[in-house]
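Heads up, the thing below is written out as structure tokens.
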Amino acid sequence: MNKLLLTAALLLSSACSTTAGTEYFALPDSQYQLPDGRGNETAVQVILADPLDHGGLVYQTDPLHLNFARQNLWAAPLKPSLEASLANKLNRQPNRHNRFVPSDRSNKPAQTVKIYIERFNGTYLGHTLIQGYTQWPNGSGRNFQIETPQQGDGYSAMVQSLDQGLERVANELTAP
């Protein structure tokens, strides 16, 4: 009888427990802000590697495996969020001569900087990784691989670290 009551209690408690719901994450600084001043307009166009463009956050679990989150998702599509964030960060760079605008908000710019992002994920090593390359309108380009330490555990800490990495990407893109 006691076994039957224990089994029934376990079944009832597991039936009443709730599974973790879906969480949505916004990339910080992804609301575009029109910069002060004038200058030639340059569109920021982000081209994502296909695995990054499926809505979920990505975490590298070991040297060979990536985990694509199903319940930890971007609140907005990643491509326009990255374009807005990078445009904001590029506009805050000192001695800039252009006004950077996300490609979907550009008024037929004279030029476009293309930023190819191959990796945008957290890692089991305790940092986030942003890797890719850029092509400027004049034909010049630059590879980048930014590793940023993650402060704390979880997806919120990962997203904060990725945002810090984007700041470093903007710094590298504008460095001579």
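The values are calculated or read from the model by the stated rules, or taken from the named source; none is laboratory data. Every value quoted in this text rests on a predicted model; they were computed, and no experiment measured them. Neighbour counts run over all protein chains shown; Cβ positions are idealised from the backbone, glycine included. With ligands, DNA and RNA removed, areas are computed over all heavy atoms of the protein, side chains included. Shrake-Rupley method; radii C 1.70, N 1.55, O 1.52, S 1.80 Å.
Tabulated values for the structure
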read-out	value
Selected residue (criterion: farthest from A76 (Cα to Cα)) from residues of segment 126-173 that are out of contact with any strand residue (DSSP E or B) (no Cβ under 8 Å at 6 or more places or on another chain), in contact (Cβ under 8 Å) with a residue 40 or more places away in the chain and open to solvent by 60 Å² or more (accessible area, probe 1.4 Å)	N171
Residue in segment 91-102 that is at pLDDT below 95, more than 15 Å from Q60 (Cα to Cα) and of a type in the set (A, V, I, L, M) present	yes
Any hit, segment 64-79, residues being out of contact with any Gly (no Cβ under 7 Å at 6 or more places or on another chain), surrounded by fewer than 22 Cβ atoms within 10 Å (Cβ to Cβ), basic (K, R) and without any contact (Cβ under 8 Å) to a residue 60 or more places away in the chain	yes
Filter result (in contact with a helix residue (DSSP H, G or I) (Cβ under 6 Å, 6 or more places away or on another chain) and open to solvent by 30 Å² or more (accessible area, probe 1.4 Å)) within segment 34-47	Q45
Odd one out for Q111, checked against (1) touching a helix residue (DSSP H, G or I) at 6+ places or on another chain (Cβ under 8 Å); (2) farther than 25 Å from S156 by Cα	(1)
L173, sole failed condition from (1) assigned to a helix (DSSP H, G or I); (2) more than 30 Å from N40 (Cα to Cα); (3) not charged (D, E, K, R)	(2)
Qualifying positions in segment 119-136 - farther than 14 Å from A157 by Cα and in contact with a Lys or Arg (Cβ under 9 Å, 6 or more places away or on another chain)	I130, Q131, G132, Y133, T134, Q135, W136
